[in-house]
Each structure stands twice: as C-alpha cells, then as structure tokens.
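A.B. asks: My structure is below; once you've seen it, I'll send some questions.
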Amino acid sequence: MVFFLQLTVTGILTGSIYALIALGIVIIYKATRVFNFAQGEVLIISGLATTTFISFFGIAIGLISGLIVSFFLGLIIERLTLRPLIGQPILATIMMTLGLSWALRGVGSIGWQSTIRQFPEIVSHSQIMIGEVGISRIHLIAFLVSMTVFVLFAIFFKKTKLGLGMRATAENHQFAQSTGINVKGVFAMTWAISCFVACIAAILLGCIGGGISPTVSMIGLKAFPAVIVGGLESAPGAVIGGLAIGLLESWAGGLIHPSLMEVTPYFVLLLVLFIRPYGLFGLVRIERV
Amino acid sequence: MLDIQNIEVRYTGVILVLKGVSLKVPDEKIVTLLGANGAGKSTTLKAVSGLLSTELGRVTDGTIYFEGEPIENGDPQDIVKKGIIQVIEGRAIFEHLTAEENLMTGAYLRHDGQAVKRDLAKVYAFFPKLKTLRNKTSGYLSGGEQQMLVIGRALMSEPKIMLIDEASMGLAPLLVDEIFRIIKAVYDEEKTSILLVEQNAVAALDIAHYGYIMENGRIVLDGPSETLKDNEDIKEFYLGLSEVGSKKSYKDIKHYKRRKRWLG
C-alpha cells in the first residue's frame, strides 16, 4: 500500500510538469489552431538560455531574464515562422512546427553543445516524510508552482480583456476581426505566453534533474498524449491530462513492469482517441437541434 | 459619411467579384443594398470593413472614403476604431462564450470602462431577452437571440455606421419583423447610419431611406425606397408582386417569364 501511495504521489508530481508543457501547447492551439510540435524544443532552448543567464548574473536575475527572453523568443518565432502561414493549409503549419523543432534542436546543440548544463540547487533535494511516503521537496515545489500557473491562467482567460480576445479568436478568426480584435497581435501574444510557460517548465525540470541537456526535449513527446487526453482546447484538460499521464506512467512502471513506463502514455492516447476523439475535456461542437 | 467610389474587388488576384461599385451612405440614414445570392453584396461590406483580407480578397481599384478619409484595404481593427462595424451574416457569435462575453468582445477596442458599462445597459434595454440570458453559453441560444446578440455586440463598439449583413437570414417571419423593428428602434434612438444588406426586400425597403440593387458585381438600379417600391421590375423580381400589385398566385403564372429591363 505504501508502495502504491508512493507511486501515486510521484506520478502526480511528475504529471504536473507534463501538464505545464501541455498547457503551452493548448494555449497556442486554442487561439491559432496550430499544434506546436516544437514545444519540447522551445523548453530546451529557454532552459539552456536560462542556465547561461544564471552563470552570468546569478540565480535571481538569471531566472527573470530567462523568462523574459523566452517571452520574446515566442514573439520572434511567431513573426518569422507562423505569421506568413496565416490562411495556409493546416499541413503547412504542422510541417512548419516540425521543422521548427529540428531547427531549435540544432540551435541548442550549436549554442550549448550536447552536454548537460548544470542547474544550481535552488531548492534542496531533501525528502519530506508523510507517514511512510516520501515526497521530495523540489517535486512538491514544482507541483505547487505549476498549479499556481494554472490558476493564474484560468483567471487570466476568464477575467482579462486579452484573455477574452484570445478566447474569441480561438472560436473564429474572422468574427474576431470583425469586432476589432487584433488577431495577429493575439497570435503573437499566445506564442509569447506559451514560450514563457515553457521556460517555467524548463526551470522546474532543471531544478529537479539538476541540469538540462538537449535530450530533455523528449519530454515534449510526453506532453502530446497529455494534450490529447485532456482535449486540445481545454486548459483544465491539460492539467488533468498531464496528471493522468504522470499517474499512469508511474503506476504502469511500478506495478507492472518498468519498461511499460515509456509506452503507457501512448496506449492511453490511442484509447482516448478511440473513445472520445475530441479528448476528455475538448470543446464538443455545439449543434442545436 | 461612407462613400464608395467605383471599387473593383478581386479574390486571389484573379477572380473579379465587384466590377465598379459606387454607393453612398449619408449621415444618419438607412441605406439598403439588395440583390440575389452571389451578387457581391457581402463582398461590398467586407471591402468596407477590411475583412476581405482574411479571404484573400483586395480592393484593386477605386476608393472607399469614410468621413473624407480613404480606408480601402485597411486593417480591420483600424476600421472598427474609426467607427465602422460589420455584422457578419449568419449569426456570427462566439459559440462557447456566454452572451455577455460576446457583447464585451464588441467593446474590445474601447478603454472607457464607465461608458462601456452604460452601453451594455443600453444594449440590454434594446434586447431585454439578452439580459435574462447573459450568462448562458451563446451557442445554445435560439437563432433570433443569436441575431440580437450580434447586433448588440456591434452596438457595443460605439459605431458611427453599422454594416448589417442579412439580419433576416434563416429566421422565421415573425422574428424577422422583430429584428427589423429593433434595427429601426436602434436607428431612431442612436441615429447611427446603417447599410443594410438584404435578400428580404420588403422588410428592408420598409425601413430604409434609399436603396441600391446589385446584380453580378454591379449596381444596376438605385433610388429612394419609395421610388424603388413603385418600380415594376423591383415589384416583380424582389417584392413578389405582379403588375397589378396583388400577391401573385401560381395559378395565373404564364408560360413566359418577365424579362428584367436593365442590363446586368
């Protein structure tokens, strides 16, 4: 039982990171209908940049400048790669984000080589024991940080004008334009915000793993099932999808066989697509009868 | 106020849709633009509101003046800022947003919070039904309510001129009457100019001061509503009345069709 609980806790805590990456994908998809396959690579680049900033300016300023730079990275990516593709077929944008992911990978290995960049130990890796279940402090903090981000985003989407504009744009670009919403501006902002979120995820990953290397981008692949399970348009879905994938991975790896850990998310992905193609929380097309 | 001078619109650079359209909407007047499907009515509106760009269309010739300023091929949000708002045909609501959120998107470019609140109250006064439905997901509203919602949303942007595209589309006759009654009430109270694109010629000519008839990308006829209503061709082809002015019965239909007497 203790073992099971331990697996559950670990699953939820790692799941929260997947959820954060999934959120980045959902934000972009919601507003622009582009599935960003490069989210994992954006995460790596912003993480690597942050390590460099930290080595130059120290922890606090390093983290802040990393976040700011990734915000602008988002603006640049949108302007250079996606803006020219507005109105083009969906396949073109898919190929573009795939190409972008390889390009960013290239930038990562040229700029930072393929070595692990050390992340300073901002939070100690000691464990807190609750009963017999051990929770590592850093995992717990990562979990809390990502949950805070989610709550902030929920409020942002619901209460602010820009959030309203983003939700309106997500529904129909032309209708949004007709009400005076600057659709291109909204696109740029979604990319910027999504890259900002990716940077938060990168920092958390760096703190947990002690460092960040170009191979970590594989974690982006874990976020895809999370996004699909939760539903492409749903931010709460991203949270639940991420947590679910983390849990299942942990359970399958611990209870059945360790090698199942890597593939379980994709089994779940297939299963969900089979039963609910729009994801568990995706927007069901409204049809009045 | 709005002065369209001999514009030509092409889609993707080759498909010529408007072949020299000119029309004027004076201050504080309702003008209607009538015509069959595919005549170019909606394209004319989109040319004014700047929405052509999303459909790869462009004004390739001629000029559109708004209050003396040329605005053709402008950014949609700049044009909304100038006070021109288009009500897109077919109930262009944001389905997953609530009714009130839909209305608030209309005020997206405004920064005067107090005035926005006042305008929201005004819209609810025009459409009392919307007030009771304010927190409902708008996709589940009825067709008439959705049409009210898009007109209300347009009002939220403090328009100087509203371009209303087929407000009667797909609505029951009673609802059409109600929508037009409200459009008239909005006009009477706000004195906003309105350019009304319609297929329902009877309803449109009833509230409009002036009318244009469009066919095949050209204006073929224009005049004050009263004159248009008396025009034999209009009666026959748009109002569904025969020459004597009585409703046509299919029993009496002759074997030949009346020809239109203008060159399209």
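The values are calculated or read from the model by the stated rules, or taken from the named source; none is laboratory data. Everything quoted here is computed from the prediction, not taken from an experiment. For neighbour counting, all protein chains shown are included, and Cβ atoms are generated from backbone atoms with ideal geometry for every residue, glycine included. SASA here: full protein model, heavy atoms, side chains in, ligands and nucleic acids out. Shrake-Rupley method; radii C 1.70, N 1.55, O 1.52, S 1.80 Å.
A.B. asks: Yes or no: residue B:150 outside any loop (DSSP other than H, G, I, E, B), within 14 Å of chain A (Cβ to nearest Cβ), touching a residue at least 60 places away in the same chain (Cβ under 8 Å) and crowded, with 22+ Cβ neighbours inside 10 Å?
C.D. replies: Details: outside any loop (DSSP other than H, G, I, E, B): yes; within 14 Å of chain A (Cβ to nearest Cβ): yes; touching a residue at least 60 places away in the same chain (Cβ under 8 Å): yes; crowded, with 22+ Cβ neighbours inside 10 Å: yes.
It is true that residue B:150 is outside any loop (DSSP other than H, G, I, E, B), within 14 Å of chain A (Cβ to nearest Cβ), touching a residue at least 60 places away in the same chain (Cβ under 8 Å) and crowded, with 22+ Cβ neighbours inside 10 Å.
A.B. asks: Let me ask something additional. Looking at A:180, A:211, which is the one that is away from chain B (no Cβ under 14 Å), in contact with a strand residue (DSSP E or B) (Cβ under 8 Å, 6 or more places away or on another chain) and open to solvent by less than 20 Å² (accessible area, probe 1.4 Å)?
C.D. replies: Working: A:180 fails: away from chain B (no Cβ under 14 Å).
Exactly one of A:180, A:211 is away from chain B (no Cβ under 14 Å), in contact with a strand residue (DSSP E or B) (Cβ under 8 Å, 6 or more places away or on another chain) and open to solvent by less than 20 Å² (accessible area, probe 1.4 Å), namely A:211.
A.B. asks: Sticking with this structure for a sec: Could you please find all residues in the range B:187-198 being open to solvent by 50 Å² or more (accessible area, probe 1.4 Å) and out of contact with any Phe, Trp or Tyr (no Cβ under 9 Å at 6 or more places or on another chain)?
C.D. replies: Kept after step one, since they are open to solvent by 50 Å² or more (accessible area, probe 1.4 Å), are these residues of the range B:187-198: B:188-191.
Result: B:188, B:190, B:191.
A.B. asks: Here's another thing I want to ask about it. Counting just the residues of the range A:239-282 that are β-branched (Val, Ile, Thr) and crowded, with 18+ Cβ neighbours inside 10 Å, which one comes out nearest to the chain's Cα centre (by Cα)? Talk me through it step by step, then tell me what you get.
C.D. replies: In the first step, residues of the range A:239-282 are kept if they are β-branched (Val, Ile, Thr); the result is A:239-240, A:245, A:256, A:263-264, A:268, A:272, A:275.
Applying the additional criterion that residues be crowded, with 18+ Cβ neighbours inside 10 Å yields A:239-240, A:245, A:264, A:268, A:272.
Numbers: A:239: 10, A:240: 13, A:245: 13, A:264: 19, A:268: 18, A:272: 20 Å.
Ranking the candidates gives A:239 first.
A.B. asks: Another question, if that's okay. For the range B:96-115, state whether one or more residues are among the basic types (Lys, Arg), within 14 Å of chain A (Cβ to nearest Cβ) and more than 22 Å from the chain's Cα centre (by Cα). I'd like the intermediate steps shown before the answer.
C.D. replies: Looking only at the range B:96-115, we keep the residues that are among the basic types (Lys, Arg), and these are B:110.
Restricting the remaining residues to those that are within 14 Å of chain A (Cβ to nearest Cβ) gives B:110.
Checking the rest, the ones that are also more than 22 Å from the chain's Cα centre (by Cα) come to B:110.
Yes, the range B:96-115 contains at least one residue that is among the basic types (Lys, Arg), within 14 Å of chain A (Cβ to nearest Cβ) and more than 22 Å from the chain's Cα centre (by Cα).
A.B. asks: Also, I was wondering about something else. Within the set of pairs 6 or more residues apart or between chains, which connect a residue that is part of a helix (DSSP H, G or I) inside the range A:245-258 to a residue that is polar (S, T, N, Q) and surrounded by 18 or more Cβ atoms within 10 Å (Cβ to Cβ) with Cβ atoms less than 6 Å apart?
C.D. replies: Taking only residues 6 or more apart or on different chains, the pairs are A:246/A:14; A:248/A:264; A:249/A:264; A:250/A:10; A:252/A:264.
A.B. asks: Can you pull out every residue in the range B:105-147 that is open to solvent by 10 Å² or more (accessible area, probe 1.4 Å) and aromatic (Phe, Trp, Tyr)?
C.D. replies: B:108, B:124, B:126, B:140
A.B. asks: Anything in the range A:70-93 that is open to solvent by 50 Å² or more (accessible area, probe 1.4 Å), β-branched (Val, Ile, Thr) and without any contact (Cβ under 8 Å) to a residue 60 or more places away in the chain? List them, or say none.
C.D. replies: A:76, A:90, listed by residue number.
The rows are residues; the columns are (1) within 15 Å of residue B:49 (Cβ to Cβ); (2) out of contact with any helix residue (DSSP H, G or I) (no Cβ under 6 Å at 6 or more places or on another chain).
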{"position": "B:112", "(1), (2)": "no, yes"}
{"position": "B:119", "(1), (2)": "no, yes"}
{"position": "B:123", "(1), (2)": "no, no"}
{"position": "B:130", "(1), (2)": "no, no"}
{"position": "B:134", "(1), (2)": "no, no"}
{"position": "B:139", "(1), (2)": "no, yes"}
{"position": "B:153", "(1), (2)": "yes, no"}
{"position": "B:156", "(1), (2)": "no, no"}
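A.B. asks: Please give the number of the condition residue A:123 fails out of (1) open to solvent by less than 40 Å² (accessible area, probe 1.4 Å); (2) over 17 Å from the mean Cα position of the chain (by Cα); (3) within 23 Å of residue A:182 (Cα to Cα).
C.D. replies: Residue A:123 satisfies every listed condition except (3).
A.B. asks: Just to verify a result, which residue in the range B:1-32, among those that are within 16 Å of residue B:208 (Cβ to Cβ) and among the basic types (Lys, Arg), is most open to solvent (accessible area, probe 1.4 Å)? Full working, then the answer.
C.D. replies: Taking the range B:1-32 first, the residues within 16 Å of residue B:208 (Cβ to Cβ) are B:1-2, B:23-32.
From the residues that got through so far, the ones that are among the basic types (Lys, Arg) too are B:24, B:29.
Values: B:24: 117, B:29: 82 Å².
Per the criteria, the residue is B:24.
A.B. asks: Do we find that residue A:142 is buried (at least 20 other Cβ atoms within 10 Å of the Cβ), more than 14 Å from every other protein chain (Cβ to nearest Cβ) and either assigned to a helix (DSSP H, G or I) or on the phi < 0 side of the Ramachandran plot (or both) in this structure?
C.D. replies: Here the answer is yes, as residue A:142 does meet what is asked.
A.B. asks: Now a separate question. When you look at residue B:55, is it within 14 Å of another protein chain (Cβ to nearest Cβ), open to solvent by 10 Å² or more (accessible area, probe 1.4 Å) and modelled with pLDDT under 90, yes or no? Lay out the reasoning, then the answer.
C.D. replies: Numbers: within 14 Å of another protein chain (Cβ to nearest Cβ): yes; open to solvent by 10 Å² or more (accessible area, probe 1.4 Å): yes; modelled with pLDDT under 90: yes.
Criteria met by residue B:55.
A.B. asks: From the set of residues in the range A:105-115 that are surrounded by fewer than 17 Cβ atoms within 10 Å (Cβ to Cβ) and touching a residue at least 24 places away in the same chain (Cβ under 8 Å), which is farthest from residue A:38 (Cα to Cα)?
C.D. replies: Going through the qualifying residues, I end up with A:115.
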